[in-house]
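Before any comments, here is the structure.
The values are calculated or read from the model by the stated rules, or taken from the named source; none is laboratory data. These numbers come from a predicted model, not from an experiment. Ideal geometry is used to build each Cβ from the backbone, glycine not excepted, and the neighbour counts take in all protein chains shown.
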Amino acid sequence: MYPVHDDDVALLLSLTVAAKRRPAALDEIITALATAQHGEIPAKSKLVDAFARMSVCGLIAEAAGGYTLSTAAQTIMAVLRAKDDSATRLARIKQQLTDFDAKDKHPIIRVTQEQLLAAIQSYKAAQHNHHGKNIQTDKPKTKTSWIPTKDLVQGKQHLPSKRSKP
């Protein structure tokens, strides 16, 4: 495949994350794309072109109202290591894409700029609502029911012993 664009590589990496269990919607893909590129989202026109290029090569498929990786793309993504950082992963994917040879022509997936704009706006709205918070780790603090030992001792009443006095 020649030439390989950075947006193509980032799109494949984000689809790997977003469509892990089921086909991903555009807003899930945008969220994964922003996470992979440290908050940066490519221009809408570049993403439209990346969807078209990757679908013609047969690397992206449309399924059940979402988008997923084809089997050829999954074999390309199999070379990724869990310990690699984002830059190393992007470089490995780019190398695999340069060696990839698309044998057949596949139908083009047409994603419009309006669809991407709506997905980007929903991503930014979600970021604005959770500004400064990590949704996965922030938990409401519960009131503890622990009573310090000092309070227990001070409130304890001495009961009379059961010994009988002679």
**OP:** Please state which one of Ser45, Ser86, Ser70, Ser55 is within 16 Å of Ala24 (Cα to Cα) and out of contact with any strand residue (DSSP E or B) (no Cβ under 7 Å at 6 or more places or on another chain).
**Re:** Ser55
Subject >> Top-ranked residue in the range 1-27 [being touching a Phe, Trp or Tyr at 6+ places or on another chain (Cβ under 9 Å) and buried (at least 20 other Cβ atoms within 10 Å of the Cβ); ranked as nearest to Tyr67 (Cα to Cα)] >> reply: Ala24
**OP:** Considering only the range 76-85, state which residues are surrounded by 12 or more Cβ atoms within 10 Å (Cβ to Cβ) and more than 12 Å from Thr16 (Cβ to Cβ).
**Re:** Asp84
Original post:
Out of all the residues in the range 90-131, which are at pLDDT 80 or above, among the charged types (D, E, K, R) and over 17 Å from Gly39 (Cβ atoms)?
Top reply: Arg92, Lys94, Arg110, Glu114
Original post:
Restricting attention to the range 132-140, does a residue exist that is within 25 Å of Ile41 (Cα to Cα) and either in contact with a Cys (Cβ under 6 Å, 6 or more places away or on another chain) or at pLDDT 75 or above (or both)?
Top reply: no
